[in-house]
Amino acid sequence: MILVTGASGALGGLVLERLRGLEHVVAGSRTPGQAGQAARLVDFDDPGGLAEGFHGMETLLLVSAGYAEDDVVIARHGAAIEAAERAGVGHIVYTSITGAGDHLSYTLAHRWTERRLMAGSAHWTILRNGLYSDLFVPYAANAAATGELTLPIGAGRLAAVAREDLADVAASVVTDPGRHRGRVYELVGDQAVGGAELSGIVEKLTGVRPGYRPGTLAETRAFLSELGMPGWQVPHLMSTLSAVAGGFLDGTGGDLADLLGRAPRPAHEVIAAALTP
Ligand SMILES: NC(=O)c1ccc[n+]([C@@H]2O[C@H](COP(=O)([O-])OP(=O)(O)OC[C@H]3O[C@@H](n4cnc5c(N)ncnc54)[C@H](OP(=O)(O)O)[C@@H]3O)[C@@H](O)[C@H]2O)c1
């Protein structure tokens with residue numbers, strides 16, 4: 001039996017789509033009633049309920065549950081791994097963050113989780129996911145609407161990856177985990193996208209090439225702070241932009257194409273699909 005957590009989230013949902021029809025697949029969610037298939041209640045914030053959620057499972061796809069302060073994320077992942085081990089789950093596949101992401105403020109909780117898995121009793125596979133191509137979508141949408149691309153990454157570029165590709169890999173790994181035991185996979189895109197490339201993508205979609213005005217991190221921080229985001233979120237976003245601008249996330253290559261058996265989906269396809277009505 002395979003359990004996929006985060007079933008109502010984007011990545012977990014895409015993985016479950018790919019596993020649809022397999023009888024031995026169960027969705028895990030904080031809202032199992034909405035999962036639309038065999039589903040169990042899985043809430044890492046409720047460790048007491050996890051034994052029931054993980055009972056009888058051989059393989060767990062532990063989709064990281066970020067979007068909180070590090071101590072909360074670490075507690076969530078720690079509780080999930082401990083409960084999985086107690087329930088006798090044999091293999092845990094974890095969606096982590098690319099090795100190039102060590103300058104990102106939210107990477108610490110991922111690395112903590114990797115260490116915890118490596119020190120634990122279950123077999124493991126670590127999927128070090130790159131940053132999603134979707135990151136560019138709001139900037140591209142704004143550029144299409146205003147004719148100006150504002151994205152404070154200077155000349156930096158990102159080897160962005162399609163969630164769909166990450167879901168393809170995760171689905172394939174969880175259905176044959178023995179082949180991937182003890183492996184750490186780097187899953188980044190094979191083309192790096194920066195301001196110039198994004199302007200070109202918007203031009204292809206709209207016929208008008210937006211000017212690229214990177215702006216500054218300070219302007220962006222002030223703008224994000226005014227949006228009323230939770231306190232942890234602004235530094236996380238800022239660290240993403242800063243790390244891209246600094247040239248830390250433009251490295252292509254890695255394991256994605258090999259695991260997919262084809263070229264990764266390019267970012268322009270993801271952005272075009274998101275912006276095309
Ligand atoms: N690589 C990247 O660029 C990138 C970008 C954003 C996020 N991420 C990370 O990758 C993860 C998956 O991405 P995504 O696109 O699927 O994000 P998403 O659409 O926001 O889904 C995240 C899911 O995590 C689950 N979750 C949240 N809190 C949980 C908890 N306490 N216990 C159990 N599950 C919990 C939820 O699923 P249920 O509602 O079904 O419980 C939620 O829908 C994110 O959670 C985040 O850690 C990566």
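The values are calculated or read from the model by the stated rules, or taken from the named source; none is laboratory data. Everything numeric in this text was worked out from a predicted model, so none of it was measured. We place every Cβ from the backbone using ideal geometry, glycine too, and count neighbours over all the protein chains shown. Just the protein is used for accessible areas: all its heavy atoms, side chains included, with ligands, DNA and RNA removed. Shrake-Rupley method; radii C 1.70, N 1.55, O 1.52, S 1.80 Å.
Here are the numbers for this structure:
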{"read-out": "Filter result for VAL73 (under 19 Å from the mean Cα position of the chain (by Cα) and not hydroxyl-bearing (Ser, Thr, Tyr))", "value": "yes"}
{"read-out": "Every residue from region 16-46 that is closer than 12 Å to LEU60 by Cβ and either of a type in the set (Val, Ile, Thr) or more than 9 Å from the ligand (Cβ to nearest atom) (or both)", "value": "VAL25, VAL26, ARG40, VAL42"}
{"read-out": "One residue from VAL208, VAL202, VAL188 being buried (at least 16 other Cβ atoms within 10 Å of the Cβ) and either over 24 Å from the mean Cα position of the chain (by Cα) or closer than 18 Å to THR150 by Cα (or both)", "value": "VAL202"}
{"read-out": "Checklist (1) more than 17 Å from the chain's Cα centre (by Cα); (2) more than 13 Å from the ligand (Cβ to nearest atom); (3) in a helix (DSSP H, G or I) applied to GLY49, failing item", "value": "(2)"}
{"read-out": "Close pairs from region 44-66: first farther than 14 Å from THR31 by Cβ and aromatic (Phe, Trp, Tyr), partner assigned to a loop (DSSP other than H, G, I, E, B) and more than 9 Å from the ligand (Cβ to nearest atom), Cβ under 9 Å, at least 6 apart", "value": "PHE54/ALA87; PHE54/GLY88; PHE54/VAL89"}
{"read-out": "Any chance GLY6 is within 23 Å of the chain's Cα centre (by Cα), over 18 Å from ARG111 (Cα atoms) and in a loop (DSSP other than H, G, I, E, B)", "value": "yes"}
{"read-out": "Condition check for ARG209: without any contact (Cβ under 8 Å) to a residue 12 or more places away in the chain and touching a helix residue (DSSP H, G or I) at 6+ places or on another chain (Cβ under 8 Å)", "value": "yes"}
{"read-out": "Top-ranked residue of region 98-121 - restricted to ones that are free of Cβ contacts under 8 Å to residues at least 60 places away in the same chain and open to solvent by less than 10 Å² (accessible area, probe 1.4 Å), ranked as nearest to the ligand (Cβ to nearest atom)", "value": "ALA109"}
{"read-out": "Members of region 27-46 found to be among the basic types (Lys, Arg) and either assigned to a helix (DSSP H, G or I) or under 14 Å from ARG111 (Cα atoms) (or both), listed by number", "value": "none"}
{"read-out": "Subset of region 52-88 (residues that are open to solvent by 30 Å² or more (accessible area, probe 1.4 Å), touching a helix residue (DSSP H, G or I) at 6+ places or on another chain (Cβ under 6 Å) and part of a helix (DSSP H, G or I))", "value": "ASP70, ILE74"}
{"read-out": "Number of the exception - ALA141 against (1) in a helix (DSSP H, G or I); (2) under 30 Å from LEU205 (Cβ atoms); (3) open to solvent by 50 Å² or more (accessible area, probe 1.4 Å)", "value": "(3)"}
{"read-out": "Failed item, numbered, when HIS103 is tested on (1) at pLDDT below 95; (2) touching a Pro at 6+ places or on another chain (Cβ under 9 Å)", "value": "(2)"}
